[in-house]
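Below is one structure; the comments refer to it alone.
What follows is calculated from the coordinates using simple rules that are stated; it is not laboratory data. Just so you know, these numbers come straight off a predicted model, no measurement behind them. Backbone-built Cβ (ideal geometry, glycine too); neighbour counts: all protein chains shown.
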Amino acid sequence: MAIKHFTKTALVSLTAVAAVAVADHHKPGMGVEVTGFHSPIAEEAFQTVIIQKALEELGYDVQPIQQVDYAAGYTAIAQNDIQWTSVNWDPLHDTMYDNAGGNDVFFKRGNYVAGAAQGYLMDKKTAEEYGIDTIDDLKDPEIAKIFDKTGDGKADLTGCQAGWGCEAVINHQLEAFGLEDTVNHVQGAYAAIIGDTIQRYNDGEPIVYYTWTPYWVSGILVPGQDVVWLEVPYSDHPRGIDTELPNGKNYGFAVNSLRIVANREFTEANPAAAKLFEVAKLDINAVSAQNRLVSDGENTDSDIERHANNWIAANQDEFNSWLEAARDAAKGM
């Protein structure tokens, strides 16, 4: 058997090559720029920053998170100007997703945050006093008048900010359920209009509004305690979705998942990022708890980064499992 002799220089070179190989697997994103976005809602930053930090651990050259409206964000991802978002509301955003190119241009696998409910709520006191349990009870002009804050005789429903997708569902249902003559869909910057709604509740006034989870509102106006969900009389959604839940309740909106959407070409070239986007999971209660901190004033960039770091530290094994799966995917290139 021939015995191979290595010079000291050769051994050093081999060691360096091995170190680079290990480093490449550990940091498969080295040299690759990546940018994410969320909408201008501060409560969407937390889940975005967590993925941002995972990408950093994988070696990606992570650029500052962009804050743009959803439709513009999907278009930017389709064009690869932005590579990903963690706040795709599925199925609420399906129309925007499809209009920007759909599955031909986007990568979407896995459910990052599952079980996001949304719908219409009313203060419990008024609902019980007048026996209101469905949104179409507001067809009665005398009932609608109870929630009139502008003096036109119509109920003022605190609704959805334009461009979010939920506004199209609300407008569709007001027409479908015959509520346009008795209900105003109040729109504007959501944080402002829901803040006004909460103040009216605190002043003892009747309220009816739209909201979703995870979000801080339901930590202040607690369903079952302060407010109640209103059902719709039957499923009627602009996309033809059956919105009845397994328990028979029907709140007019399908239960959503927040999913990570990325540029397809980017993920095909970066299997580590693709696998991260697929396997990452975040409990909805963690998002709601963080959103409450934001509503309590912990809303600066440094606050939100601290919240993300705290979540990672408390869930280090899970976070590490995402990174391990991502690195394994890169080895298979």
Quiz item: Could you give the distance between the Cα centres of region 130-162 and region 303-326, to the whole Å?
Solution: 44 Å
Practice problem: Within region 263-333, list the trypsin sites (Lys or Arg not before Pro) lying in a DSSP loop whose Cβ has at most 14 other Cβ atoms in a 10 Å radius. | Solution: LYS281
Quiz item: Relative to the longest principal Cα axis of the chain, at what angle does helix 190-202 sit, 0 to 90 degrees, rounded to 10?
Solution: 50 degrees
Quiz item: Taking the Cβ-Cβ separation of ALA114 and ALA192 as r and a Förster radius of 22 Å, what is the calculated FRET efficiency to the nearest 0.05?
Solution: 0.15
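Find how much the distance from GLU244 to ASP328 grows on full extension, using 0.36 nm per residue of separation minus their present alpha carbon separation; answer in nm with one decimal.
This chain segment gains 26.2 nm when fully extended.
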Exercise. Using only Cα atoms, tell me the angle between helix 316-331 and the longest principal axis of the chain; keep it within 0 to 90° and round to the nearest 10.
Key: 60 degrees
Quiz item: Contour minus end-to-end for ASN202 and VAL255, with contour as 0.36 nm per residue of separation and end-to-end as the Cα-Cα distance?
Solution: 16.2 nm
Exercise. Along Cα→Cβ, 7 Å out, is where each label goes; now give me the distance between the ones at ASP283 and GLU180 in nm to one decimal.
Key: 4.6 nm
Quiz prompt | Among ALA100, ALA72, ALA308: highest mean-square fluctuation, GNM of the chain, C-alpha pairs under 10 Å | solution = ALA72
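What value, in deg cm²/dmol to 500, does the helix sum -39500 (n - 2.57) over DSSP H runs of n ≥ 4 give at 222 nm once divided by the residues of the chain?
Helix contribution divided over all residues of the chain: -13000 deg cm²/dmol.
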Quiz item: Can you list the residues of region 142-163 with backbone N under 15 Å from a point 7 Å past the Cα of SER235, pointing along Cα to Cβ?
Solution: none
Exercise. Distance from a point 7 Å along Cα→Cβ of ASP301 to each backbone N in region 63-82: keep the residues under 15 Å and list them by number.
Key: 63-68
Practice problem: Calculate the spin-label point distance for ASN103 paired with LYS124, positioning each point 7 Å from the Cα along the beta-carbon direction, and give it in nanometres. | Solution: 4.4 nm
Exercise. Mind putting a number on the dipole of the chain about its Cα centre? Charges go on the C-beta only, +1 for Lys and Arg and -1 for Asp and Glu, and I need it in Debye to the nearest 20.
Key: 1760 debye
Quiz item: Roughly how tilted is helix 45-57, in degrees to the nearest 10 and between 0 and 90, from the longest Cα axis of the chain?
Solution: 10 degrees
